[in-house]
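Only one structure is covered here, and it is reproduced in the block below.
Bear in mind that the values in this text are calculations on the coordinates, not laboratory data. Predicted, not measured: the structure shown is a model, and the values here were computed from it. When we count neighbours, we look across all protein chains shown, and the Cβ atoms used for this are built from the backbone with ideal geometry, even at glycine.
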Amino acid sequence: MNNTTIDGILLKKAINGAVNYLILNKDEVNALNVFPVPDGDTGTNMSLTAKSSLKLVNEVENESSLQEIAKAASRGSLMGARGNSGVILSQFLRGFSDGLEGLEEANISEVAHAFKKASETTYNAVMKPTEGTILTVGRETADFAVKNFKKYNNNIEFFRDVVEESKKSLEKTPELLDVLKEAGVVDAGGKGLSLLLEGAYKTIIGEVIEDAKDDEQLKKKAQKEIDFGPADESLKYGYCTEFIIKTEYEDIEEFKSKLAPLGDSLLVVGGYESGLIKVHVHTNNPGRALEYAVELGALQDIKIDNMRYQHREVLFDEEEVEEAKKAEEAEDEIVIDKKYSFIAVSMGSGMSEVFKSLGVDYIVEGGQTMNPSTEDILKGVDKVRGENIFIVPNNGNIILAAEQAKKMSERNIYVIPSKSVPEGVAAILAFNEDANPEENEKHMTNALSDVTTAQVTYAVRDTEMNGKKITKGDIIGLSGKEIVSCGKEIEDVTLDLVENLMNDEISMVTIYTGEDVNESDSEELLEKLEEKYSDIDVDLVNGNQPIYYYVISLE
């Protein structure tokens, strides 16, 4: 191995090691949750993002080309980015790729400056960068690389010290962010980045890292399996055909028009800056579909299944296929030039029904424990018919993915930075059909501050925050970034939480009940709240959300 430069083969090897090492240690990252609540998912989000990146890296034919490997890593992570940490990681890889533009191999100086470009790109992607996070770890690691690269004559020593610097930076994060110091943890995103760098280094020096790409937990998050049961000879189209095209082609509608006569249940997703188009079609002539596709670019992930005999892993899940069928049946009725469309992220059937009742066109399934990817959001953008699209993420960890989808799409998109379902509901209620898009964006964003969101869940570890000693298993009530109440009983904590947040300006309280709450318990809670606050409206809605016993809206 040439120890003074890095080429595509070495970079590909390093990326494989980095991703596998992160996946193997993702639970350690997930555990670094500031709040002791059961929604730590930074490790999972970063792993899924990195896995998406690796998938494209391993499909590059000219693996000796450094810039092609780097571009594949960037492209895959952009589409697969989940959560804030995943989006920032995708931007890091994008900047790193930009820093290696035009290079077939890179010396230590060029790699160091690629790290610097990677860090700068992450900062540019965030409106208000917070120090003590993955941003800091990336920046301090890059600064070290740029400042010290002249001291090194070989890659191994250089990467060794870069990894050590990332660990030093990570250990300092609690000194920069009080919430980390109080919780007694380092930054989870920074830990994930440090693990990626360490995994790359271990691979470069010859350590064998277990192949973890098929991690079962990640599979459950990213894919679904469908069992279609016994043979069905009555099907009009017998072959479910799925594939991905690597292409810069952007006229999705023209391509769809060529595929449409071949069958039904047609889905075509992607394009834009991603360089990928994902296709699903039921047809009797899969070869013709592939012939059309190969005219646009290289094919990958080709799956052709006889639907009469199958139990298969799919690119599209059953619900998406059913939606495609319904869309085809109603295609003539769809108004293409609708002025406004709404996309909302929601987890819980009851919460989704609330958004649908408010006129939301497309629900992206996801929330605190399952952040949707940029591609998931773009899928919604592809399906809605409005000239202007409002995306309501309803979670602070999904806003960046929504913003990234906006940048990757050519549609006219407005992202309303809602951090909870109550905020999202308030934003949509503030929408005015007669106002122009910019006015609506302003009114909907302003409406977010008119509502206070509270949540009731349980603690997953012992901790002390805001002067409150919390034991694993305790019930805790949160609002924003504070633990407001804690105790042993769900009802007691909920009543105390509402009391602490109540003020003279509040006229309505809405309680969204979770999937783990008995109807009788929620009804009893409602009665006590109505009795205590007889001068305000108290409403109970079956949200059916996971993790949180109650999500509460006070407005």
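Some points to look at:
- Considering only the chain, percent of DSSP beta bridges that pair antiparallel, nearest 5: 70 percent
- Dipole size of the range 335-450 about its Cα centre, with +1 on Lys/Arg Cβ and -1 on Asp/Glu Cβ: approximately 200 debye, rounded to the nearest 20.
- Mean-position separation - Cα centroids, the range 395-446 and the range 6-31, in angstrom: 35 Å
- Highest mean packing first, where packing is the average number of other Cβ atoms within 10 Å per residue, the peptides 189-201, 65-77, 498-510 line up as 189-201, 65-77, 498-510.
- Placing a label point 7 Å from the Cα of Asn500 along the Cα-to-Cβ line, no residue of the range 176-212 has its backbone N under 14 Å from it.
- Dipole axis of the chain (+1 Lys, Arg; -1 Asp, Glu on Cβ), positive-most option in Ser507, Ser65, Ser553: Ser65
- Dipole of the range 400-523, positive direction: furthest Cα of Val498, Thr463, Thr452, with charges on the beta-carbon: Thr463
- Using C-alpha pairs under 8 Å with a sequence gap of at least 6, the mean separation divided by the residue count of the chain gives a relative contact order of 12 percent.
- Dipole size of the range 5-217 about its Cα centre, with +1 on Lys/Arg Cβ and -1 on Asp/Glu Cβ: approximately 420 debye, rounded to the nearest 20.
- Per-residue Cβ neighbour rank within 10 angstrom, fewest leading, Asp7, Asp539: Asp539, Asp7
- Cα gyration tensor shape for the range 54-126, rounded if a/c is under 1.5, else prolate or oblate: oblate
- GluC sites (Glu not before Pro) within the range 89-181: DSSP coil, no more than 14 neighbouring Cβ in 10 Å: Glu101, Glu104, Glu131
- Dipole in debye (nearest 20) - the chain, about Cα centre, beta carbon charges: Lys, Arg +1; Asp, Glu -1: 2380 debye
- Cα-based shape type of the range 335-450, given that a ≥ b ≥ c are square roots of the gyration tensor eigenvalues and the cut on a/c is 1.5: rounded
- Positive-end residue of Leu540, Ala298, Tyr362, charge dipole of the chain with Cβ unit charges: Ala298
- Panel order for Leu100, Leu24, by other beta carbons found within 10 Å of each beta carbon, from fewest to most: Leu24, Leu100.
- Here's how it looks for Lys338: its modeled amide H is under 5 Å from those of Glu387, which are all 5 or more places away or on a different chain.
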